[in-house]
Amino acid sequence: MIHMAVYSFSQIQVFQQCPRKYQYKYVEKIKDTEFESSPDLILGQSVHQTLERMYNQINVFAIPSKEHVIAEFHRIRNDEYAKATAEKELQIKGEQTIEDYIRRGEHYLEAYYDKHAPFGETKIIGTETQLVFTLNEALKQQFRGVIDRIDKDGDTFIINDYKTNKNLPPEQKQEYTDQLTLYGLAIQQHYGKYLKKIKARLHYLHFDVEDEREITEERLAAVREKYAAMIEQIEHKKFNYNMGDRKTFEPKGNPYCNYCEYQSICPLRAHLKYEDE
């Protein structure tokens, strides 16, 4: 039996960012020893988990009060903060304080609750739904992803994705539209007989903005072809690597290099540690 390669959107993003980082992370599986949590990460995780639990209650007709939702956020956030600071101090960049992050989370959830209450018409298919779907059957390619929330509105399924960024991205931010379109393919394969349309809805919580668009068959076909080609390219490089070509995953300098956890072994950055010494 031939097993399909299973990819995620984050894997593809790493490859696009820098093939050598992809080699370290996914081919050689070198542990991210320098990975650290951050206030932004804790904020995003806490808000996501709070909304997940809120909608799980709504789905069984036990609609929580706004006060309960905020209390749940504090409980989740305190747990996440305790885990992140168990062994090392949390580094905060810039002039923000921990209190600023807490206040942001409260504001996001209060504004979201006020906007969408009383939630009576919401039909929820799933929260934090993990799906594996086929990208290209002939090439034995599969994709996996986690969807923040899936709603049903009549014969339309809606993919919801929450963003806690402080920066509002351009309207046509490619990585967001591509990712949600790929998830539309997952919805089509798993729930196709129940729907006629698929929509994607991005919730920019910092700005109280919702960006909604329909995922058309044309868009699905284009994104499927684009990512199938990328996976073919990765598989080709993996084959070359396994055949002994250690330079097939070439390093690529980019604005994220300063934050990369593999700087000490990257041929583009390793020399810097000697200059510092």
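The values are calculated or read from the model by the stated rules, or taken from the named source; none is laboratory data. Computed from a predicted model, the values in this text were never measured in an experiment. Using ideal geometry, Cβ is built from the backbone for each residue, glycine included, and neighbour counts are taken over all protein chains shown. Just the protein is used for accessible areas: all its heavy atoms, side chains included, with ligands, DNA and RNA removed. Shrake-Rupley method; radii C 1.70, N 1.55, O 1.52, S 1.80 Å.
What is the one condition in (1) more than 24 Å from the chain's Cα centre (by Cα); (2) touching a residue at least 60 places away in the same chain (Cβ under 8 Å) that Met243 does not satisfy?
(2)
Check Phe119, Phe157 and return the single one that is outside any loop (DSSP other than H, G, I, E, B) and surrounded by 13 or more Cβ atoms within 10 Å (Cβ to Cβ).
Result of the check over Phe119, Phe157: Phe157.
Looking at (1) surrounded by 13 or more Cβ atoms within 10 Å (Cβ to Cβ); (2) free of Cβ contacts under 8 Å to residues at least 40 places away in the same chain; (3) under 23 Å from Ile147 (Cα atoms), which is the one condition that is false for Phe61?
Single failed check for Phe61: (1).
Of all residues in region 40-58, how many are open to solvent by 60 Å² or more (accessible area, probe 1.4 Å), modelled with pLDDT of 95 or more and under 17 Å from the mean Cα position of the chain (by Cα)?
Matching residues across region 40-58 total 1.
Does Ile124 meet the test of being within 16 Å of Thr164 (Cα to Cα), modelled with pLDDT of 95 or more and either surrounded by 15 or more Cβ atoms within 10 Å (Cβ to Cβ) or in contact with a Leu (Cβ under 8 Å, 6 or more places away or on another chain) (or both)?
Here the answer is no, as Ile124 does not meet what is asked.
Name every residue in region 132-145 that is open to solvent by less than 60 Å² (accessible area, probe 1.4 Å) and closer than 30 Å to Pro39 by Cβ, in order of residue number.
Gly145
Name the residue, out of Ile198, Ile231, that is over 21 Å from Thr127 (Cα atoms), crowded, with 19+ Cβ neighbours inside 10 Å and in contact (Cβ under 8 Å) with a residue 24 or more places away in the chain.
Residue meeting the stated conditions: Ile231.
Working carefully through the options Gln142, Gln130, find the one that is in a strand (DSSP E or B), under 18 Å from the mean Cα position of the chain (by Cα), at pLDDT below 95 and farther than 22 Å from Val209 by Cβ.
Of the residues listed, the single one that is in a strand (DSSP E or B), under 18 Å from the mean Cα position of the chain (by Cα), at pLDDT below 95 and farther than 22 Å from Val209 by Cβ is Gln142.
Looking at (1) at pLDDT 90 or above; (2) surrounded by fewer than 18 Cβ atoms within 10 Å (Cβ to Cβ); (3) within 17 Å of the chain's Cα centre (by Cα), which is the only condition Ser37 fails?
Exception for Ser37: condition (1).
Just need a number here: residues in region 170-185 that are within 15 Å of the chain's Cα centre (by Cα), surrounded by 13 or more Cβ atoms within 10 Å (Cβ to Cβ) and free of Cβ contacts under 8 Å to residues at least 60 places away in the same chain.
Going through region 170-185 one residue at a time, the tally reaches 7.
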